[in-house]
Amino acid sequence: MAEREPGTRLRLLGDTAAEFKIDCNIPIRRYFRSGQEMIKMAEVYHNEGSLEAAYILYMKYMTLFVEKLKAHRDFSQVLPAEKKRVKGVVKDVMGKTEVLKLTLKSRFEEEHKVWLKEEQVRRWEEQREQARRDEEMKEAGRRRMEEVASIERDRQVALWHQAQLDKEDRENRGVGPPAGVGEIQDYTPSRGADRVVYDPSKYSDTASAPSQANEGLPSYDSVVGPSVSPPPSYDRATPSYDRAAKPAPNITALSISHPTPSSSTPTPAFDRSAKPIISTPTGLRTVMVPGDLSEAFLAVAKSNSDRGVETLGTLGGHLANNKFIV
């Protein structure tokens, strides 16, 4: 309630005091007695410091006897002396209510000021918490960007190392340029005086040995290396096969890997008819009942049957060889 204005809180207390109706079926003398009880309880609340409860009771008393009780059908039957006494009480209650109103208004203003300060602190705490969360989000984003950049740097370093390994592998296999020769320079066409003009008269149709100017160039073996063997030559003629010259199987190896049984070893004999039969019980078990069971039961129940009494009995036995034997 402290977040509301003091005037609004006082108005709500007054509305609470006016929330009742007059029932004409209730004797009017009972309302007068209720009014006296209201005054007594209001004084008790006022002495205890419950100013809001006292204010509500005082306001309810004035509303009852100033506004609503006049609508009762028996109001004209009230003695003038009683009306005069109630009028004096209403005047006294009105003065006490005004004093309570000022006191409550001052208290509500103090509570509202305290609430405003607390609300300001709360909002400041919320703003600081929001700023902290925003800073954490920014920091998380920055760390994420650093992680992405670190991953990208690691990827670039890994690619560079892989390229170096591939280059060394090619050099070891003689595919790429050997170590020490250097990188292959980009081709740039010559211009001006360095450019040689093509003259067909300087060339002949017959092959000739290279000139001595090429003696300074490295040889093929020095570039490729001795590890690279010349490509093998293949005879493209269709090979011939002699099917009659098929090699004989190795009897010794076969006899070792697959020993054959000796003819002197006797073959064991089995009697298939002596195979044990395992019977699995399925369905209901067989019940073995003695042949004289009915005669024995009738002999036992004869005395009861003569007297017209029914005799009941239970069967007992044991399980043997998958059969119930009574």
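The values are calculated or read from the model by the stated rules, or taken from the named source; none is laboratory data. What you are looking at is a predicted structure, and each value in this text was computed from that prediction instead of being measured. Accessible surface is based on the protein model in full, side chains and every heavy atom, while ligands, DNA and RNA are left aside. Shrake-Rupley method; radii C 1.70, N 1.55, O 1.52, S 1.80 Å.
Side notes on the structure shown:
- Within the accessible area of segment 28-81 (1.4 Å probe), percent carbon and sulfur: 53 percent
- Violating pairs (Cα-Cα greater than 19 angstrom) within the set Lys21/Lys60; Lys40/Lys96; Lys40/Lys91; Lys70/Lys96; Lys60/Lys87: Lys70/Lys96
- Taking θ as phi - 60° and the Karplus parameters 6.51, -1.76 and 1.60, the scalar couplings of segment 14-24 work out to x, 5, 5, 5, 8, 8, 7, 10, 8, 9, 5 Hz in sequence order, x denoting glycine and proline.
- Solvent-accessible area per residue for segment 82-149 (1.4 angstrom probe, square angstrom): 82 Å²
- For Thr311, solvent-accessible area (1.4 Å; no DNA, RNA or ligand), Å²: 40 Å²
- For His161, solvent-accessible area (1.4 Å; no DNA, RNA or ligand), Å²: 90 Å²
- Rolling a 1.4 Å probe over the protein heavy atoms gives segment 1-76 an accessible area of 59 Å² per residue.
- Taking amide H atoms as placed 1.01 Å from N in the peptide plane, the amide H of Val78 has no partner under 5 Å among residues 5 or more positions away or on other chains.
- Karplus-based coupling profile of segment 59-76, in residue order and whole Hz: 5, 5, 5, 5, 5, 5, 8, 9, 10, 8, 5, 5, 7, 6, 5, 9, 5, 5, with θ = phi - 60° in 6.51 cos²θ - 1.76 cosθ + 1.60 and x standing for Gly or Pro.
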